[in-house]
Amino acid sequence: MVRVFLNETRGESMNLTDEIMKLKREKKAVILAHNYQRPEVQDIADYVGDSIELSKRAREERDAEIILFSAVDFMAESAVILNPGKKVLLPSQGARCPMAQMLRADEVRRWKKKYPKVPVLLYVNTLAEVKAECDICCTSANAVAVANALDSDTILFGPDHNLALYLQKKTNKKIIPIPENGFCPTHVLFQKGDILLLKDEHPDAVAIVHPECTPDVQEVADYIGSTSQMCTYAKELPAKKFIIGTESGLVHRLKKENPSKEFMLAYDGAVCPNMKLNTLERVHSALKEERHQVNVPERIADKARKALEAMFTVT
Ligand code: 13P
Ligand code: SF4
């Protein structure tokens, strides 16, 4: 669908995409978008990536005056923490990751009291005030490397229980999940049976899934990785057919980068409603009115930055 609207000042009709590009130039803004964003939002972004790539990109951004971060709350918060003083905007104020709401700062403090000698490793899918309580952060791309780099046989890890089990399997460490049952409501929708059915129908297809999927889904996968690692794997492997176990938005990027390959989402309903709140219209209005600015109190940002920077020393 082509969106056309009237430019109030000059009375000209303009395409919404053109208007966003014009605003970007005028306001010296850069648009960073997560791999789960709507196709039309990915297509107008300056950079599309997974959570670690976006954090690195936001941290290194020097020239732009505004970073429009098309993703969910915790990712935009990380950009504020890593690039203090930069104006970071979210297209939709309500774009929150439900998993990140599953672990509170006071809960982390309680676990630390219970295990005073055990380091706390937190998934970046946590709010800034929660990150401020941990020793180091990780993403799905570097969780194993970060856990292995910690000088301890036992690690407190949260909030994703499935990623905790994945870490338990891939490292020789004892992983204590905090809370006991944190999960991503989108990734737990994938079922082992759906993947096996698709594998039966397409014996030449390769199944690639995200570590937020349940252990039985992970068990039948040929590859497990972060969203961008899945893209790299699909590009480099000569296989022509892939079964995808992550949020639907990744399929757009996979198809765009590999036009001759086929990608089948293992469950059509695997949609993160929060990621999808960021429409092109909302990107436009957030940029135009410079609204939904993300702020992190300095005291919290300073502590959370230490945990994020500690992660960057590993990968
Ligand atoms: P990635 O870091 O793999 O992009 O994952 C972020 C996320 O929210 C997965 O649900
Ligand atoms: Fe959070 Fe899951 Fe959405 Fe990722 S897909 S942002 S973990 S709810």
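If the condition is being farther than 22 Å from residue 209 by Cα and either within 16 Å of ligand 2 (Cβ to nearest atom) or open to solvent by 30 Å² or more (accessible area, probe 1.4 Å) (or both), then region 154-195 contributes 154, 172, 174, 179, 180.
Of everything listed in (1) among the acidic types (Asp, Glu); (2) within 16 Å of ligand 2 (Cβ to nearest atom); (3) open to solvent by 60 Å² or more (accessible area, probe 1.4 Å), the single unmet condition for residue 151 is (2). Number of residues in region 127-148 that are open to solvent by 20 Å² or more (accessible area, probe 1.4 Å), more than 17 Å from residue 304 (Cβ to Cβ) and in a loop (DSSP other than H, G, I, E, B): the value is 1. Restricting region 265-300 to residues that are surrounded by fewer than 20 Cβ atoms within 10 Å (Cβ to Cβ) and among the small types (Gly, Ala, Ser) leaves a set whose member that is farthest from the chain's Cα centre (by Cα) is 285. Of the candidates 14, 1, the single residue that is at pLDDT below 95 and not in a loop (DSSP other than H, G, I, E, B) is 14.
Applying the set (1) assigned to a helix (DSSP H, G or I); (2) surrounded by fewer than 17 Cβ atoms within 10 Å (Cβ to Cβ); (3) without any contact (Cβ under 8 Å) to a residue 24 or more places away in the chain to residue 203 leaves exactly one unmet item: (1). Taken as a whole, region 80-98 holds no residue that is among the aliphatic types (A, V, I, L, M) and surrounded by fewer than 20 Cβ atoms within 10 Å (Cβ to Cβ).
The values are calculated or read from the model by the stated rules, or taken from the named source; none is laboratory data. These numbers come from a predicted model, not from an experiment. FYI the Cβ positions are ideal-geometry reconstructions off the backbone, even for glycines, and counts take in every protein chain you see. Quick note on the areas: whole protein, heavy atoms, side chains included, nothing else; ligands and nucleic acids left out. Shrake-Rupley method; radii C 1.70, N 1.55, O 1.52, S 1.80 Å.
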